[in-house]
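Below: one structure, written as structure tokens.
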Amino acid sequence: MTSQNKNYISIVPLCGFISGLIFQLHIHTATVPFLIISSSLLIAIACLFWLRQSYLSLLRLFFIYSLATCAGYLIASYHQTRWNQKQTALMTKPFTVYGYVSDVVPLSSRPYMAAVHVTIQSLEQHKNSYNYHNCLLLHYMPYTQAPPIGSAALFTAIKPARKIPTGDIGQYVRKNNIIHQLFSKSDMLSYCYSQDKRESSLLSGYKQWACTVRAHFYQRIVAALSPIGKLYVGLMFFGTREAGTDDIRMLFNRWGLAHFLARSGLHIVIFVFLVSFLLRLIPIHNRLKDIFLFIICIVYDALSWSSVSFLRAWLIAILVIMRSMLGRHTSYLHLLCLSCIAILANNPCHLISLDFQLTYALTFTLALLSNLFSKNDTSAPGIKP
């Protein structure tokens, strides 16, 4: 098998993994034709370079595909079963939640309202032994009354839901790991936001501290900016969402520049390129430059709000930097497939989300075209958008 053909081997486990997810998730939406066509195109392009291989090589590839399909099916089954069990347990009796405010997001339809994201540290319910740690609870309230990020939150006697969310709402809450939503004061006995910190695990305390630092850092950055400048900086560099951003998005849509306004993989590419360029001016060893770039990328991710496209580009950036540190020459297509499998393994519901489909469809198209038209087996020196 030639080195050019080896670049496409990673497509086999990826297509198998996606097939296993589709079989288990029982997807019956309009995204199925898109997924089937995309997977078929990927397999067809890869087969063009495998037709000249021996029957033993083809059998080995089929075995890899089968194993990946089984892995995708089992992972999706585990996530779906676990989610249904947790939701069913919450439908029996009232429960109490303690956590902290990890984000405050204004609603698109009603900017004067906000969805307060409460990351759960502990959930207490009689005869409920499931772990809801790091799951989200959404509390809808007026934006002006929303608590600061990092505040401790306590909700007592939350009324259980009548049924498990289905349809688009069910897909949304599963994708974002949201176990419950509170719309009014009647949904619970009482709630309280305070600055008092409750004793928790070291990891949970670190995450709460990181959310607080991120919010304070962002507020200090945008404090000296005008309201319009604050919107631009928040959307394009930090991935946050402020009240009144819909008008700005409509303006950019008229000019066809909405992609630049919404932070995506392109912005992390520009960020890494600028940092790499500045590091070249420093007379230190290349290995130290890679270590500094690796640390800077992690800090940038910790101080900003994530999205699927940003996470995809960030993971590939980290993998490319690690490849450079280890002195390996791994194909970019291998790294792209690895990042896709990692995101889907963590949350299979991303497969049916439009943002995930578009960002990976575009990136795979660029990567495949780059490999098809390249004469030599050389991976890109930089990070592709």
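Bear in mind these aren't lab numbers, they're just calculated from the coordinates by the rules spelled out. This structure is a prediction, so every number in the text was calculated from the model and none was measured. Here Cβ is always computed from backbone atoms with ideal geometry, including for glycine, and neighbour counts include all displayed protein chains.
Go ahead and run the numbers for FRET between residue 93 and residue 169, Cβ-Cβ distance against an R0 of 22 Å, rounding to 0.05.
0.45
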Using R₀ = 45 Å, calculate the FRET efficiency as 1/(1 + (r/R₀)^6) where r is the Cβ-Cβ separation of residue 203 and residue 62; round to 0.05. 0.65
Separation of the residue 358 and residue 124 label points, Cα + 7 Å toward Cβ, nm: 4.5 nm
Yeah, segment 219-373 with a ≥ b ≥ c from its alpha-carbon gyration tensor (a/c under 1.5 is rounded, else prolate when a/b outruns b/c, oblate otherwise) is oblate
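I need the peptides 303-312, 321-330 ranked by packing, meaning the mean over residues of other C-beta atoms within 10 angstrom, with the highest value on top.
In descending order of packing, they fall as 303-312, 321-330.
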Residue by residue through segment 305-322, the couplings from Karplus 6.51 cos²θ - 1.76 cosθ + 1.60 with θ = phi - 60°, in Hz, x for Gly and Pro, are 8, 8, 8, 5, 5, 5, 5, 4, 5, 5, 4, 5, 4, 4, 5, 5, 5, 5
Under the rule of at least 5 residues apart or a separate chain, name every residue whose amide H is placed under 5 Å from the amide H of residue 95. 157, 158
Using a 10 Å cut-off around each Cβ, can you sort 98, 332 from fewest to most neighbouring Cβ atoms? 98, 332
